[in-house]
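My questions will all concern the structure given below.
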Amino acid sequence: MLTLIHLSSLFITLGIIIILGWLSTRRVKNSSDFMVGNHQAGALTVTGILTGTLIGGVATIGTTQLGFLYGISAFWFTLILGSAVLVLGVLSRLLKDVPYNTVSEILGRRYGEKIIPLASLFVVAGMAINVASNLLAARSLLETMTRITPNLLTAGAGLIMIFYIIFGGIWSGSWIGLFKTALIYSLIFISIGFVMIAAGGFGGMVEMVKVGGGLNPVGRGVGKELAGGISLIIGVLSTQTYLQAIFSGKDVKTSRNGAFLAGFLIIPVGLMGFLVGIYMRLHHPDIASAQALPMFILNYLPPWVGGVMFAGLLLSVVGGGAGLTLGISTVISNDLYVRMVHPRASEKRKLWVTRITIIMIIGLSVYALLGEQKVLMNELTYLSMGLRGAAIFMPLMGA
């Protein structure tokens, strides 16, 4: 359980997040500000949006869970995820051809307006599954920190996710995303450093991985690892939230540079996941695999550091789901509500529809996860990416 020192540093860190979220509300004057920063975001803002969403619970807690179970094959997840974001940067010139708000608009411009509602439904369905995977990661983390029942923890995680994004939209996600990325990188250096010291240096760490049977790069099988990697690449290039980050940049160069920086920041996260996972499997083989990273922080890091790192992990989990929910609400408001229900809706009304949709999507995801859930977080992410890609990827590349 958390000590008073853990809780103190945790709440101080979360207090900084509340301030950042509140300040971001000043940047929101209309629905375009909320959705895509009125297409005037800088490179760091683009980076913050991408890392704030992609370095989520699956990339941190989820890869550590895979590392615990399968070793170095866990690194595939963030390696391919970061590489896909680099490809997104290469495509930024095509994606910034006109000031798009959604991926469905790109398809509609090329294939006709009638495709927009159907494409939007597949985009929403795919991202909603990934919101659920981040809620599972949040519940796993909070179970380490408290004795509250899993259902209440899932509901609490959903509530935090709502407050993360509902006021400042893309600005809130970016600013908090950058702060969260700094915290996660602190955790990466501290965790890898601890494991290396505990193992007796770099050679000892390599030997530890060998003893733990963690050097098989395709621990879950060649076919499954290959299919998962392909689904990640296709999913990133087909997902509203990640394309939305590119749309928000003020010009092509800004969006490209922001995506490149994000891609390089995402890749190393999996190294922490597999090393900490192997370490915890050797020293705590009886724990639940999803608890590997939270238990490592609780047992091996100083309490004041641990509290800050717990805050960073909580933000990773919440931020990943919140960013995806923002993408879902943008599609529903922009492509479904305005086009099919209220074409003459005011900016104020569109903004409120977007915010109400955020609450509904997260609420439904919480409801779906009530009760006992035995599923790997990364499995849900692969499913989510594959579903989005199956419907969107080829038409998008053609467009």
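The values are calculated or read from the model by the stated rules, or taken from the named source; none is laboratory data. Just so we're clear, the structure is a prediction, and the values are computed from it rather than from any experiment. A quick note on method: Cβ atoms are made from the backbone with ideal geometry, for glycine too, and the neighbour counts reach across all protein chains shown. Protein only, heavy atoms only, side chains kept; ligands, DNA and RNA dropped before computing areas. Shrake-Rupley method; radii C 1.70, N 1.55, O 1.52, S 1.80 Å.
Under the rule a/c < 1.5 gives rounded, and otherwise a/b versus b/c splits prolate from oblate, where does the stretch 72-111 land using the Cα gyration tensor? Walk me through the numbers on the way to the answer.
Values: a/c = 4.25, a/b = 2.59, b/c = 1.64.
Because a/c hits 1.5 or more and a/b exceeds b/c, the stretch 72-111 counts as prolate.
Give me the accessible area of K348, 1.4 Å probe, in Å² rounded to the nearest 10.
K348 exposes around 150 Å² with every protein chain in place.
If you keep only loop residues by DSSP, which trypsin sites (Lys or Arg not before Pro) in the stretch 24-55 have at most 16 other Cβ atoms within 10 Å of their Cβ?
On the way: sites: R26, R27, K29; in loops: K29.
Here the trypsin sites (Lys or Arg not before Pro) that fit, given the DSSP loop and packing criteria, are K29.
Right, here's the next one. If a/c stays under 1.5 just call it rounded; otherwise compare a/b with b/c (prolate if a/b is bigger, oblate if not). Do that for the stretch 170-239, with a ≥ b ≥ c from the square roots of the Cα gyration tensor eigenvalues. Walk me through the intermediate numbers first.
Numbers: a/c = 5.34, a/b = 1.18, b/c = 4.51.
Because a/c hits 1.5 or more and a/b fails to exceed b/c, the stretch 170-239 counts as oblate.
Expressed as an acute angle from 0 to 90° and rounded to the nearest 10, what is the orientation of the C-alpha long axis of helix 43-54 relative to the principal long axis of the chain?
60 degrees
Let me understand the stretch 247-306 better: what is its radius of gyration from the alpha carbons, and its Dmax, in angstrom?
In Å, with Rg to one decimal and Dmax whole: 17.5, 51.
Which whole-number percent gives the relative contact order of the chain, counting Cα pairs below 8 Å spaced six or more residues apart?
Numbers: 733 pairs, mean separation 165.7, N = 399.
42 percent.
Do you know the relative contact order of the stretch 96-155, to the nearest whole percent, from alpha carbon pairs under 8 angstrom that are 6+ apart?
Details: 21 pairs, mean separation 11.6, N = 60.
Taking the mean separation of contacting Cα pairs over the length of the stretch 96-155, I get 19 percent.
Same structure, new question: Helix 75-90 against the longest principal axis of the chain: what's the angle in degrees, Cα atoms only, rounded to the nearest 10?
Roughly 30 degrees between the two axes.
Give me the angle, in degrees from 0 to 90, between the Cα long axis of helix 150-165 and the longest principal axis of the Cα atoms of the chain, rounded to the nearest 10.
Around 50 degrees separate the two axes.
Calculate the FRET efficiency for V218 and L94 from the Cβ-Cβ distance with a Förster distance of 41 Å, rounded to the nearest 0.05. Mind showing how you got there, number by number?
Numbers: r = 33 Å, r/R0 = 0.81.
FRET efficiency, V218 to L94: 0.80.
Kindly list the residues of the stretch 298-338 that lie in the label zone of I18, defined by a backbone N under 13 Å from the point 7 Å along the Cα-to-C-beta vector.
none
Here is a follow-up. Taking only Cα atoms and a 10 Å spring cutoff, compute GNM fluctuations for the chain and point out the largest among S31, S172, S316.
Comparing S31, S172, S316 in the GNM, the peak value goes to S31.
Suppose we keep just the alpha-carbon trace of the stretch 233-385; what are its Rg and Dmax in angstrom?
Radius of gyration, then largest Cα-Cα span, for the stretch 233-385: 19.3, 61 Å.
What pairs from K29/K250; K96/K224; K29/K253 go past 23 Å between their alpha carbons? Spell out each step's value before the answer.
On the way: K29/K250 17 Å; K96/K224 34 Å; K29/K253 25 Å.
Checking Cα-Cα distances, K96/K224; K29/K253 exceed 23 Å.
Given the Cα atoms of the chain, and with Rh set as the inverse mean 1/r over their pairs in the Kirkwood sense, what is Rg to Rh to two decimals?
Details: Rg = 20.0 Å, Rh = 20.8 Å.
Rounded to two decimals, Rg/Rh equals 0.96.
Which value, in nm² and rounded to one decimal, describes the direction-averaged projected area of the C-alpha convex hull of the stretch 35-102? Mind dumping the intermediate values first?
Numbers: hull surface 21.1 nm².
Computing the convex hull of the Cα atoms and averaging its projections yields 5.3 nm².
Mind running the shape call on the stretch 142-181? Use the C-alpha gyration tensor, a ≥ b ≥ c as the square roots of the eigenvalues: rounded below 1.5 for a/c, prolate if a/b tops b/c, oblate otherwise.
Details: a/c = 5.32, a/b = 2.00, b/c = 2.66.
It comes out oblate by the Cα gyration axes.
Count the net charge of all other residues whose Cβ sits under 15 Å from the Cβ of A322, scoring Lys and Arg as +1 and Asp and Glu as -1. All intermediate terms of the calculation are to be shown ahead of the outcome.
Numbers: positive: K180, R355; negative: none.
Cβ neighbours under 15 Å give a net charge of +2.
Further question on the same structure: Sum -39500 (n - 2.57) across every DSSP H segment of at least 4 residues in the chain, then divide by the residue count to get the 222 nm mean residue ellipticity, nearest 500. Walk me through the intermediate numbers first.
On the way: 19 runs with 299 residues, N = 399.
Helix-only estimate at 222 nm: -25000 deg cm²/dmol.
P(r) for the stretch 207-323: what percent of alpha-carbon pairs falls in each 10 Å bin, starting at zero?
10, 30, 34, 21, 5, 0
List the aspartates and glutamates whose Cα sits under 16 Å from the Cα of K350, skipping any in the same chain fewer than 8 residues away.
Candidates past the 8-residue exclusion: D33, D335.
Can you list the equivalent-ellipsoid semi-axes of the stretch 302-387, largest first and in whole Å, using the square root of 5 times each Cα gyration tensor eigenvalue? The partial results should precede the final answer.
Details: eigenvalues 197, 65, 27 Å².
They are 31, 18, 12 Å, listed from largest to smallest.
OK, next. How compact is the stretch 1-152 by the rule of thumb for globular proteins, expressed as Cα Rg over 2.2 N^0.38 Å?
Rg over 2.2 N^0.38 Å, computed on Cα atoms: 1.30.
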